[in-house]
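Written out below as structure tokens is the structure these notes cover.
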Amino acid sequence: MPPEDSSLPDLRLLANFVHQIVNPLNGVIGTVDNLIDGSVPSEKREQRLRATRAQLEFAVMIVRNLAYFTEQSLTPGKLPQRDLSKTCVIPQLVIEAALFFQESGISRGIKIELTDPRTQYAITGSPELIRQVFMNIFDNAVKYSDAGTEVTVKTHVQKKTKNLIIEISNIGPGFTSEESRTIFDPGVRGSEARKLIASGTGLGLYICKMIVEDYHKGEVEAEYSRATRTVTIRLRFSKWRIV
Amino acid sequence: MNELPRKEDTILLADDEPYHLQFFLDYLESLKYKTVVADNVDNAILRLQECRFRAVIADLSIPLLPPQSLLTGRGTLFQKYPGLLVADYARNHNHTGRQVVVYSVHDDPQVRELAAKLGVTYLLKGRPRILKEEIKDILSFDPLAKSES
């Protein structure tokens, strides 16, 4: 839910947002400047352009999170209307979202792996919103995973409930059991995340919950295994099909 | 104060999101400099205990690891901008003010005041060309030659 007094902007969140958005834009401007003044050798230019595109896509992702948050805050108790009538093909959306993080993943030796890209599980809803869910989850995973590890996306149908389960797991620091109760709240960041990267909006998982639960009537949960240092974000949909 | 070994060809960059600073690493490489990246205050200070760098560039918003003992006796400004601890340490350990640059997304008059006291350069993030020009200027003369003259 949005903050109780949603008529007032959350200034701290806005300050964090400014920090988050300036970082990639600073990188884009700097790279373009380097390309103009010849500071990048020719053999590295293509990769730097790809990284620049990824930084811009990242910036748009952050802006979209803020837009979703703002729109919802402006209409308390009522969800802004979206077109939820389209087919969301899960493997396709996972791959599209993963592509946005290819370059930042490479820089940390992190790969996103969809274990079953062939089974075309689908739900009805908004592909754009569902893609944003995966982007937010991958953003966290690529930022906070141990370097050189893999982010895995597993899809399966739970035998007992017949629900479609999508599990995204990564290895690295997670959150305490106490924090797991608030990790989907707006503006909340785990203490371990703050040790690695000082600033963040704390909006990503909140937006995920809103999109999955409020718009698509699914469920989202997060768990952390200290034994295996594995963070798992689990999405659950009772209505699904194979296309 | 003991003189540390000098790394005249290396810049210390204290930033927790170096992926977004690839442009700066490329630029320094084009000027034939190496870069050591420290992603939190504690690591940056460990690096500063090892040697004297050609220049030290620090993001003001980088993590300070628990137990945050470096904040003991410090004001709230250091708590708000932990990167100031890197600048302060560098200034008190073998680095001249001209060798140290701090930058932030936010333009804070209190930081400006402290940066002036420390004699370090304070830049706003989002203007990469200014950062490039500043580092080029810093690298254009040898601070040791100047301080020893």
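The values are calculated or read from the model by the stated rules, or taken from the named source; none is laboratory data. The structure displayed is predicted, hence computed values, not measured ones. We place every Cβ from the backbone using ideal geometry, glycine too, and count neighbours over all the protein chains shown.
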Legend entry - Residues located in segment A:98-114, provided they are farther than 14 Å from A:THR152 by Cβ, within 13 Å of the chain's Cα centre (by Cα) and of a type outside the set (Phe, Trp, Tyr): A:LEU99
Legend entry - Residue among B:ALA38, B:ALA115, B:ALA44 that is surrounded by 16 or more Cβ atoms within 10 Å (Cβ to Cβ), farther than 26 Å from A:GLU192 by Cβ, at pLDDT 95 or above and not charged (D, E, K, R): B:ALA115
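Do you know which of the residues in segment B:13-24 that are of a type outside the set (Asp, Glu) and within 7 Å of another protein chain (Cβ to nearest Cβ) is surrounded by the most Cβ atoms within 10 Å (Cβ to Cβ)? Steps first, answer last, please.
Taking segment B:13-24 as the starting set, the residues that turn out to be of a type outside the set (Asp, Glu) are B:13-14, B:18-24.
Of the ones still in play, those that are also within 7 Å of another protein chain (Cβ to nearest Cβ) are B:19-24.
Working: B:TYR19: 21, B:HIS20: 23, B:LEU21: 24, B:GLN22: 22, B:PHE23: 27, B:PHE24: 25.
Only one residue tops the list, namely B:PHE23.
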Inset, instruction - Could you identify the single residue in B:TYR27, B:TYR81 that is crowded, with 22+ Cβ neighbours inside 10 Å and under 22 Å from A:VAL18 (Cβ atoms)? - result: B:TYR81
Legend entry - For A:LYS162: the one exception among (1) under 17 Å from the mean Cα position of the chain (by Cα); (2) at positive phi; (3) among the charged types (D, E, K, R): (1)
Legend entry - For A:LYS159: the one exception among (1) of a type in the set (Lys, Arg); (2) surrounded by 17 or more Cβ atoms within 10 Å (Cβ to Cβ); (3) within 18 Å of A:SER238 (Cβ to Cβ): (2)
Legend entry - Qualifying positions in segment B:108-141 - away from chain A (no Cβ under 14 Å), among the charged types (D, E, K, R) and farther than 28 Å from B:GLN79 by Cβ: B:ASP137
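Find the residue count for segment A:89-116, including only residues that are in a loop (DSSP other than H, G, I, E, B) and more than 15 Å from A:SER145 (Cβ to Cβ).
Step one: of segment A:89-116, the residues in a loop (DSSP other than H, G, I, E, B) are A:101, A:109-110, A:115-116.
Restricting the remaining residues to those that are more than 15 Å from A:SER145 (Cβ to Cβ) gives A:115-116.
Count: 2.
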Legend entry - helices (runs of 4 or more DSSP H) contained in segment B:39-149 and holding at least 2 residues in contact (Cβ under 8 Å) with a residue 60 or more places away in the chain and not aliphatic (A, V, I, L, M): B:128-139
Inset, instruction - Take the residues in segment A:62-88 that are in a helix (DSSP H, G or I) and out of contact with any Ser or Thr (no Cβ under 9 Å at 6 or more places or on another chain), then tell me which one is surrounded by the most Cβ atoms within 10 Å (Cβ to Cβ). - result: A:TYR68
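Among A:GLY148, A:GLY174, which is crowded, with 22+ Cβ neighbours inside 10 Å and either part of a loop (DSSP other than H, G, I, E, B) or free of Cβ contacts under 8 Å to residues at least 40 places away in the same chain (or both)?
The unique qualifying residue is A:GLY174.
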Inset, instruction - Being in a helix (DSSP H, G or I) and β-branched (Val, Ile, Thr) is the filter; apply it to segment A:27-61 and report the residue that is surrounded by the fewest Cβ atoms within 10 Å (Cβ to Cβ). - result: A:ILE36
Legend entry - Residues located in segment A:31-66, provided they are small (Gly, Ala, Ser) and either in contact (Cβ under 8 Å) with a residue 24 or more places away in the chain or within 16 Å of A:GLU103 (Cβ to Cβ) (or both): A:ALA51, A:ALA54, A:ALA59
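Okay, residues lined up against (1) assigned to a helix (DSSP H, G or I); (2) within 14 Å of chain B (Cβ to nearest Cβ); (3) touching a helix residue (DSSP H, G or I) at 6+ places or on another chain (Cβ under 8 Å):
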| position | (1), (2), (3) |
| --- | --- |
| A:MET135 | yes, no, yes |
| A:THR152 | no, no, no |
| A:SER169 | no, no, no |
| A:GLU178 | yes, no, no |
Legend entry - A:THR119, sole failed condition from (1) surrounded by fewer than 21 Cβ atoms within 10 Å (Cβ to Cβ); (2) under 18 Å from the mean Cα position of the chain (by Cα); (3) not in a strand (DSSP E or B): (2)
